[in-house]
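Q: Dropping a structure here in structure tokens format, bear with me for questions.
The values are calculated or read from the model by the stated rules, or taken from the named source; none is laboratory data. Nothing here was measured: the structure is a model prediction, and the numbers come from that model. FYI the Cβ positions are ideal-geometry reconstructions off the backbone, even for glycines, and counts take in every protein chain you see.
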Amino acid sequence: MAKSVEEVAEAMFNMVKDAAGQKKLKPMDLTKNVMQLFGDEVDKQICKEAIKQLINSGRCVYTYFGGSYVELPHREGAAND
Amino acid sequence: MADNLPQTPLLNELEKGAWPSFVKEIKMAAKRSPMCRDLLGQLEQSYREKIGYWKHGGIVGVMGYGGGVIGRYSALPDKYPGISHFHTMRINQPAGWFYTSKALRSICDIWEKHGSGLTNMHGSTGDIILLGTTTAHLEPTFAELAKIDFDIGGSGSDLRTPSCCCGMARCEWACYDTMALTYDLTMHYQDELHRPAFPYKFKFKMSGCPNDCVASIARADMSIIGTWRDDIQVDQEAVREYAKRGMDITSDVVNNCPSKCMDWDGKELHIENSFCVRCMHCINVMPKALRPGKDRGATILIGAKAPIIEGAMLSSVLFPFIKIEPPYTQIKNTVDKIWDLWCEEGKNRERVGEFIQRVGLGNFLEAIDVEPVPEMVAHPRENPYVFYEEYFEEGDDEEEEEES
Ligand code: HEM
Ligand code: HEM
Ligand code: SF4
Ligand code: SF4
């Protein structure tokens with residue numbers, strides 16, 4: 001059965017949360033991981049929508065460290081008050 | 001007022017000479033902006049100590065977008081509190097960089113209210129660059145710019161703001177409408193522009209003719225350069241007029257033709273168009289006598305980049321000639337296939353040109369369903385990635401052929 005955007009977003013959120021502080025994940029990593037997890041219950045389009053939902057809801061943010069990643073919102077080391 | 005400015009003996013050197021000086025401009029802005037005053041202070045200290053005092057921020061941005069804001073913090077915030085935060089915003093420029101003076105004033109007003117007031121018109125990406133603001137001012141700036149129909153541009157691993165030469169708006173050489181294509185691609189790929197999902201950056205640059213005023217062949221992952229496929233239009237009377245007025249057509253035009261396909265007998269200019277490589281030299285030298293042909297379109301090239309991970313690369317031919325007409329289906333279909341492949345197989349921070357070099361152009365072409373053509377080869381025997389498989393397939397049995 002096809003997964004909903006919400007289900008995919010939740011799975012991605014957990015991946016980002018579990019990786020926090022250890023590994024930065026790119027949007028493509030999330031897509032590939034989710035496709036491995038759910039097989040043909042998901043496609044690229046739904047993964048794109050799920051990432052959009054995570055970002056638009058503010059649960060995750062894009063970050064840039066040489067390349068672009070999806071992470072939990074946090075205060076970065078370089079920030080000044 | 002000027003007494004308040006920090007002492008900057010080293011920076012002052014950069015005010016000398018007849019040319020514009022960013023130091024002059026920052027000093028002018030510093031009369032009103034404490035941010036600019038501290039910027040002068042830190043810059044002078046950096047010049048003196050030969051140390052850069054900027055820290056990179058990787059997380060600042062506006063809600064929903066993954067690009068367009070480049071985080072910067074001073075490493076000396078106690079000494080220079082005005083530039084404790086000094087983030088850059090990239091703003092998507094109008095195609096061809098045409099503005100009304102009202103639009104420019106509005107942008108400047110917004111930026112004086114929310115940032116340092118310093119701008120760079122334009123950055124090498126093509127965007128309007130707004131230099132220096134704080135995290136708290138990012139969203140308000142974005143909101144005010146949106147009200148006057150300006151949006152943030154690209155940065156990070158996304159589609160960068162497409163840019164083009166002024167093309168048909170001003171230039172008689174334009175072989176297609178660069179501004180229309182740029183606008184169309186920008187609107188069509190909004191998600192890709194704001195939501196970084198690529199292995200690394202991807203740039204489109206549109207030039208109307210092979211003069212390539214936006215240096216697309218050296219900077220764009222996809223270069224779309226205007227050209228023609230019929231004959232150069234020649235007005236023989238005007239050629240003779242150039243000669244009469246003292247132009248040495250043999251040495252200035254004919255002998256500089258890179259493909260040696262021109263001949264001038266003192267009365268008639270002959271061009272062997274089948275050898276012409278569309279370099280524009282003769283047309284640039286005799287604009288009144290020569291112009292591009294009438295059957296116009298563009299060459300699509302792929303893979304240029306400046307040296308970052310690997311060395312610099314020029315883009316190379318993907319389609320020798322296609323017509324450029326809305327809705328630009330062929331370009332978009334090809335782009336979608338390239339992005340699919342590169343997103344799937346590309347390594348982190350690998351530009352599409354480097355990706356092609358790694359997997360081989362032959363494999364790349366096969367994966368995106370493009371037939372190899374002789375124009376992809378710079379010189380015979382130089383890039384031996386074209387294989388004539390059909391020679392071998394003749395002997396193979398049918399089944400195997402169908403599988404491959
Ligand atoms: C240890 C012995 C040899 C070595 C290491 C050697 C190496 C090479 C190399 C590196 C190339 C360039 C290939 C390319 O750029 O594609 C080449 C080309 C060539 N070699 Fe040799 N070679 C050797 C012996 C010979 C001998 C004995 C002959 C002829 C009797 C020969 C005839 C040629 C020819 C005609 C070419 C040009 C082939 C072409 O342009 O495709 N080579 N060789
Ligand atoms: C009448 C005699 C010959 C003629 C007219 C002739 C002509 C040619 C021509 C036109 C080429 C192509 C050059 C290019 O593509 O740049 C060529 C390549 C070559 N010829 Fe000859 N050739 C002759 C004899 C020979 C002989 C006797 C040998 C060796 C013993 C030889 C070895 C080669 C090789 C190794 C190449 C390079 C093949 C390649 O570029 O892939 N040729 N020859
Ligand atoms: S690239 Fe060609 S068409 Fe565009 S402005 Fe330059 S000369 Fe004109
Ligand atoms: S455009 Fe360049 S190659 Fe073509 S005829 Fe003129 S000078 Fe020669």
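Q: Would you mind finding the one in B:ASP158, B:ASP191, B:ASP184, B:ASP177 that is within 12 Å of ligand 3 (Cβ to nearest atom) and among the acidic types (Asp, Glu)?
A: Going through B:ASP158, B:ASP191, B:ASP184, B:ASP177 in turn, the sole match is B:ASP177.
Q: Search segment B:208-219 for residues being closer than 12 Å to B:THR178 by Cβ and within 9 Å of the chain's Cα centre (by Cα), and hand back the single one that is nearest to ligand 4 (Cβ to nearest atom).
A: B:SER216
Q: May I ask you to verify whether B:ILE107 is assigned to a helix (DSSP H, G or I) and either under 30 Å from B:ILE232 (Cα atoms) or at pLDDT 95 or above (or both)?
A: Yes: the conditions hold for B:ILE107.
Q: Among the residues of segment B:9-42, write down those that are outside any helix (DSSP H, G or I) and more than 20 Å from B:THR133 (Cβ to Cβ).
A: B:LYS16, B:GLY17, B:ALA18, B:TRP19, B:PRO20, B:SER21
Q: Now, a different point. Against the definition (on the phi > 0 side of the Ramachandran plot, within 16 Å of ligand 3 (Cβ to nearest atom) and modelled with pLDDT of 95 or more), how does B:GLY132 come out, yes or no?
A: When the stated conditions are applied, B:GLY132 does not pass them.
Q: In segment A:57-76, what residues are among the small types (Gly, Ala, Ser) and at the interface with another protein chain (Cβ under 9 Å from one of its Cβ atoms)?
A: Matches in segment A:57-76: A:GLY58, A:GLY66, A:GLY67, A:SER68.
Q: Can you find a residue that is away from chain A (no Cβ under 14 Å), more than 16 Å from ligand 3 (Cβ to nearest atom), β-branched (Val, Ile, Thr) and in contact with an Asp or Glu (Cβ under 7 Å, 6 or more places away or on another chain) anywhere in segment B:251-265?
A: yes
Q: If I ask for residues that are more than 27 Å from B:ASP369 (Cα to Cα), away from ligand 3 (no atom under 14 Å from the Cβ) and aliphatic (A, V, I, L, M), which ones from segment B:280-305 would you list?
A: Selection gives B:MET286, B:ALA289.
Q: Same structure, new question: Go through segment A:20-56 and give me each residue that's out of contact with any helix residue (DSSP H, G or I) (no Cβ under 8 Å at 6 or more places or on another chain), within 10 Å of chain B (Cβ to nearest Cβ) and in contact (Cβ under 8 Å) with a residue 24 or more places away in the chain.
A: Residues satisfying the conditions are A:LYS24, A:LYS26.
Q: Turning to a different aspect of this structure: So B:ILE51 passes all but one of these: (1) touching a helix residue (DSSP H, G or I) at 6+ places or on another chain (Cβ under 9 Å); (2) in contact (Cβ under 8 Å) with a residue 12 or more places away in the chain. Which condition number does it fail?
A: Among (1) touching a helix residue (DSSP H, G or I) at 6+ places or on another chain (Cβ under 9 Å); (2) in contact (Cβ under 8 Å) with a residue 12 or more places away in the chain, B:ILE51 violates only (2).
Q: In segment B:155-191, what count of residues is obtained for those that are under 17 Å from the mean Cα position of the chain (by Cα) and either within 14 Å of another protein chain (Cβ to nearest Cβ) or of a type in the set (Gly, Ala, Ser) (or both)?
A: Residues in segment B:155-191 being under 17 Å from the mean Cα position of the chain (by Cα) and either within 14 Å of another protein chain (Cβ to nearest Cβ) or of a type in the set (Gly, Ala, Ser) (or both): 11 in total.
Q: Is there a residue in segment B:316-326 that is aliphatic (A, V, I, L, M), in contact with a strand residue (DSSP E or B) (Cβ under 9 Å, 6 or more places away or on another chain) and within 16 Å of ligand 3 (Cβ to nearest atom)?
A: Checking segment B:316-326: at least one residue is aliphatic (A, V, I, L, M), in contact with a strand residue (DSSP E or B) (Cβ under 9 Å, 6 or more places away or on another chain) and within 16 Å of ligand 3 (Cβ to nearest atom).
Q: I'm trying to understand the selection: among the residues of segment B:48-59, which are surrounded by 15 or more Cβ atoms within 10 Å (Cβ to Cβ) and facing chain A (nearest Cβ under 8 Å)?
A: Result: B:LYS55, B:GLY57, B:GLY58, B:ILE59.
Q: Could you tell me whether B:VAL277 is within 23 Å of B:LYS294 (Cα to Cα), among the β-branched types (Val, Ile, Thr) and away from ligand 3 (no atom under 16 Å from the Cβ)?
A: Considered against the rule, which asks whether it is within 23 Å of B:LYS294 (Cα to Cα), among the β-branched types (Val, Ile, Thr) and away from ligand 3 (no atom under 16 Å from the Cβ), B:VAL277 comes out as no.
Q: From the list A:ALA9, A:ALA79, exactly one residue is within 11 Å of another protein chain (Cβ to nearest Cβ), of a type outside the set (Phe, Trp, Tyr) and surrounded by 15 or more Cβ atoms within 10 Å (Cβ to Cβ). Which is it?
A: A:ALA79
Q: Additional query: Does segment B:258-277 contain any residue that is within 26 Å of B:ILE331 (Cα to Cα), surrounded by 14 or more Cβ atoms within 10 Å (Cβ to Cβ), touching a residue at least 24 places away in the same chain (Cβ under 8 Å) and in contact with a helix residue (DSSP H, G or I) (Cβ under 9 Å, 6 or more places away or on another chain)?
A: Yes, that holds for at least one residue.
Q: Spot the failing condition for B:CYS343; the list is (1) away from chain A (no Cβ under 14 Å); (2) touching a residue at least 12 places away in the same chain (Cβ under 8 Å); (3) away from ligand 4 (no atom under 16 Å from the Cβ), and only one is missed.
A: B:CYS343 satisfies every listed condition except (1).
Q: With the condition kept exactly as written, say whether any residue in segment B:354-368 is over 20 Å from B:THR334 (Cα atoms), modelled with pLDDT of 55 or more and in contact with a strand residue (DSSP E or B) (Cβ under 9 Å, 6 or more places away or on another chain).
A: No: zero hits.
Q: Now, a different point. Please go through segment B:127-154 and give me each residue that is more than 14 Å from chain A (Cβ to nearest Cβ), part of a loop (DSSP other than H, G, I, E, B) and surrounded by fewer than 24 Cβ atoms within 10 Å (Cβ to Cβ), ordered by number.
A: B:ILE148, B:ASP149, B:PHE150, B:ASP151
Q: Okay, moving on. Among what's in segment B:64-76 and is within 7 Å of chain A (Cβ to nearest Cβ) and in a loop (DSSP other than H, G, I, E, B), pick the residue that is surrounded by the most Cβ atoms within 10 Å (Cβ to Cβ).
A: Out of the qualifying residues, it is B:GLY66.
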